[in-house]
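Chemist: What follows is a structure written as structure tokens; I'll ask about it next.
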Amino acid sequence: MNQLRSMQLTLLILCCLLAYSPFGDANEYRASRSEPQKRDDNAEDEQEKPRYILELQGRGIQNEDLELIPAPDLSGGARKAEPPKEDESPAHFSQEVQGNEVPNDAIKMIPAPDLSGGEPHSSDDGSGTLDEEEIPSDLAAALAQTRLLKNLFLQMNGLPYAVVGEPEEEITQEEVAKAMKELPDLPKEPPKVLTPQELEAESLWTKAMITLNTTHPNIIEAYSQIKQAASTGHSQARLHLAWAELLGTNPVKQDIESAKKTFYDLAENHNIPDAHMGLGFLFATGISVNASQARALVHYTVAALGGSQWARMALGYRYFAGATVPNSCEKSLDFYRKVANKVAEDVSLSGGGMVQRVRLLEEAENPGYNSGILDKDLIDYYQLLAEKGDVQAQVGLGQLHYQGGRGVQQDHLQAARYFMQAADAGNPAAMAFLGKIYLEGSDMIKQDNQTAFKYFKKAADQGNPVGQSGLGLMYLHGKGVPKDYQKALKYFTQAADQGWVDGQLQLGNMYFSGLGVRRNYRMANKLFALASQSGHVLAYYNLAQMHATGTGMLRSCSMAVELYKNVAERGKWGNRLMEAHWHYRNGHFEEAFVTYALLAELGYEVAQSNAAFVLDKGELLSLFNNQEEMFVRALMYWGRAASQGYSAAQVKLGDYHYYGLGTPVDYEIAASHYRHASDHQHNAQAMFNLGYMHEQGLGMQQDIHLAKRCYDRAAETNNDAKVPVYLALMKLSVIFVLKHFEEGNWQDDIFFLNLNKLLGPYWDLYLITALLGLLIALVRFRRPQP
């Protein structure tokens, strides 16, 4: 708590120092004004009573410690304030402030900064605004920056604030555009002159990034250049190397302490956003430091404001799930929307790379689990078929290398070779994909509109939807051909009618924007929904935009966040899931856990369950003190995965409360988790466990009939549960019989089992005769017929 108060005091001092300069300029300017102007202003100030209030919450802030600073008007025009209404109720103001006898006009509440990247807006009642003629433009910009810093401090300290007064008047888009144009440009700093050593480091860093972004990168050479640049103090190279040391990225050996030192230095001395992200991750997970969610949230916030996509994802997930922060769908929407915008900008014609989601729990417990990764022997078999001229194998391998994923690296050059072989055999799908490769271009194949159009036309003439969609795209954007919306609409319609995802997506875009067709949001939504069923990332993005703004439908914040989250998780950082899986399969458990934990902070449900699985196995004693601490952390990750709908994680939560792992034994809570997984997610394991608890009377009243019902439901839900259910029912039958004997007159039942009285003294002869006849019948029917 002392450390937190110290941090809050430090941030307060920082905000005050940053605010001093523009406030001083404002006071000098006001002091230099003429006395008549001051008298006019004083007269106006008597009429303009500020109508915002800051909740002090008993912090002991005195009236003389506060100075009323007028808020700058960013609307682009002067606005006159209206005097307060006479019947205004004093209940609008804070009770704490009134109790401390602080005058209401001594404090002004600053509105919260807009983190969504939307258009700026002005104060509703104009109180505290200064005319453009009175305040220079550069000073207004400085005051606006100061207000943002003060608001950030208020948010980090949890101070509530609200605007009290008349509702905001609506501002048109034209007024916003005009105001944005009239805003002055901030003064640009002259470019820094680099020393020869810094120029050499920048050159090494650039070469390394180019090498890493090629199709077949020389990783060892690239990291050698990064290390050289980092040794000279290059900030980005040091940051990249620190993340590699933290995650154990090949070929860098994991060194968490070295990474932590670099993060501290870059965050404190250079204020690099991703360095704050690294520190936030360490404090959130308690790796190499004492866990502190408050410090993690501060570093995440600073990093997100600085532009870190990972920090925005982490905050977006926390606000959406209510993890260590109050649940706020709107804040989550703001953060996820920014990340989704970046991901959507980088999507290529291939629709974005696939994200492999391998679940370690199911891989370990189910031998037949299909992880989606193709076996090397299977790929070799298809390559053999392709070499022998099998057209379908050539097209399949071409698509696999074009899209990437399933254990195969994306390689457009190799894909073009397979497509070329199939195209020479007359396959229209191969021609269409060749057109996509030449239309997009890559580091291995030069972009060529004429070649792309040739292949698209050949494929479209044979009725191939991929070729039709490609032609539509070229006519829509005028690539190599004159722009023609009608032709684009025709080709997209043909492709969409055949169920091709790109045709559905682009046709939806035309209906949404009204290009070549009358604008129709309902049709656009329908087409985007069809394209999203095929997993196209831009379809999810467009649907998210419509749900977030309520375009063509009722606005749904939660649906928009889920769609934006899906888009954000399709970013290039999703490839680290397979990197973590590779570490785990090769016995690098520390590297695997740290990578999974990072992705878990970003909100990946599969990473949360995998991180919990690694902790559950107890193979991380080098990172944590004991097994009990690992169980506590695993319980947290299982809980987060369960809240995102993973039924196996819900069952694990029940197991942890049943056996007392990381938490005291509580059969009632265990039963509630099992019941939730059983009723809402139809998990057979949960049904079986619930049946056992009914049978034994654990956490509930013993009920053999309900136990049998749960066992039967488990067998109906999953065929793999039939054998254990059969054994459990046999046991249940024995218990039922024994209970019947305990409660009833068992001597009478034994009497009915007296065969001498029931069948007579020769009952054994009857039995032997019956068995002999059964044996003869079996031999007779099993004898082969002539």
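Chemist: Measure off, as a whole percent, the carbon and sulfur share of the 1.4 Å-probe accessible area of region 406-452, all protein chains present.
Modeler: On the way: 920 of 2080 Å².
Carbon-and-sulfur percentage of accessible area, whole number: 44.
Chemist: How much length, in nm to one decimal, is gained on full extension between Val665 and Asn626, taken as 0.36 nm per residue of separation minus their Cα-Cα distance?
Modeler: Working: separation 39, 0.36 × 39 = 14.04 nm, distance 1.92 nm.
Difference between extended and current length: 12.1 nm.
Chemist: Modelled label-to-label distance, Asp443 and Leu305, 7 Å Cα→beta-carbon offset: nm?
Modeler: It is 3.6 nm.
Chemist: If you don't mind, another one. Calculate, for region 184-278, the solvent-accessible area per residue in square angstrom, rolling a 1.4 angstrom probe over the heavy atoms of the protein chains.
Modeler: Working: 5580 Å² over 95 residues.
Spelled out: the 1.4 Å probe surface of region 184-278, per residue, equals 59 Å².
Chemist: Compute the FRET efficiency between Val723 and Ser556 as 1/(1 + (r/R0)^6), taking r as their Cβ-Cβ distance and R0 = 56 Å, and round to the nearest 0.05.
Modeler: Efficiency, rounded to the nearest 0.05: 0.80.
Chemist: Further question on the same structure: Would you mind checking Lys207/Lys388; Lys260/Lys565; Lys338/Lys454; Lys260/Lys572; Lys331/Lys572; Lys253/Lys342 for any pair whose Cα atoms are more than 32 angstrom apart?
Modeler: Long pairs (Cα-Cα over 32 Å): Lys207/Lys388; Lys338/Lys454.
Chemist: Show me the ranking of peptides 293-300, 202-209 by mean Cβ neighbours inside 10 Å, starting with the highest.
Modeler: Working: 293-300: 20.8, 202-209: 17.2.
Highest-to-lowest ranking by the protection proxy: 293-300, 202-209.
Chemist: Taking the dipole about the Cα centre of region 364-494, with the C-beta of Lys and Arg at +1 and of Asp and Glu at -1, give me whichever of Ala430, Tyr402, Ala386 is farthest to the positive side.
Modeler: Final value for the positive-end residue is Ala430.
Chemist: Compute the accessible area per residue over region 601-674, keeping the other protein chains in place, probe 1.4 Å, unit Å².
Modeler: 35
Chemist: Of Phe624, Phe593, His581, which is farthest along the charge dipole of region 581-637 in the positive direction, counting Lys and Arg as +1 and Asp and Glu as -1 at C-beta?
Modeler: Value: His581.
Chemist: Points 7 angstrom from Cα along the Cβ direction at Leu385 and Val779: gap in nanometres?
Modeler: 5.2
Chemist: Magnitude of the Cβ-charge dipole of region 594-688, K/R +1 and D/E -1, about the Cα centre, nearest 20 debye? Write out the running numbers ahead of the final one.
Modeler: Details: 5 positive and 10 negative charges, 28 e Å.
With Lys and Arg at +1 and Asp and Glu at -1, about 140 debye.
Chemist: Inverting the mean 1/r over all pairs of different Cα atoms, compute the Kirkwood radius of region 254-332 and quote it in Å.
Modeler: Radius from the Kirkwood sum: 12.5 Å.
Chemist: For the residue pair Leu212 and Arg406, what label-to-label distance in nm results when each label sits 7 Å from Cα along the Cα-to-beta-carbon direction?
Modeler: Here the modelled spin labels are 2.9 nm apart.
Chemist: Roughly speaking, what % of Cα-Cα pairs in region 225-287 are separated by over 16 Å, rounded to a whole number? Present the calculation step by step, with values, prior to reporting the outcome.
Modeler: Numbers: 741 of 1953 pairs.
Here the long-distance tail beyond 16 Å is 38 percent of all Cα pairs in region 225-287.
Chemist: Take the Cα atoms of region 443-569, build their convex hull, and give its volume per residue in Å³. Numbers along the way, then the final one.
Modeler: Numbers: hull volume 14.1 nm³, N = 127.
With only Cα atoms used, region 443-569 gives 111 Å³ per residue.
Chemist: While we're on this one: Quick one: Cα convex hull volume of region 631-721, Å³ per residue?
Modeler: 78
Chemist: Any idea what the dipole of region 472-582 comes to, in debye rounded to 20, about its Cα centre with Lys/Arg Cβ at +1 and Asp/Glu Cβ at -1?
Modeler: Rounded to the nearest 20 debye, it is 320 debye.
The values are calculated or read from the model by the stated rules, or taken from the named source; none is laboratory data. The shown structure was predicted, so the numbers you read here are calculated from the model rather than taken from an experiment. Using ideal geometry, Cβ is built from the backbone for each residue, glycine included, and neighbour counts are taken over all protein chains shown. Just so you know, the surface numbers come from the protein's heavy atoms only, side chains and all, with ligands and any DNA or RNA stripped out. Shrake-Rupley method; radii C 1.70, N 1.55, O 1.52, S 1.80 Å.
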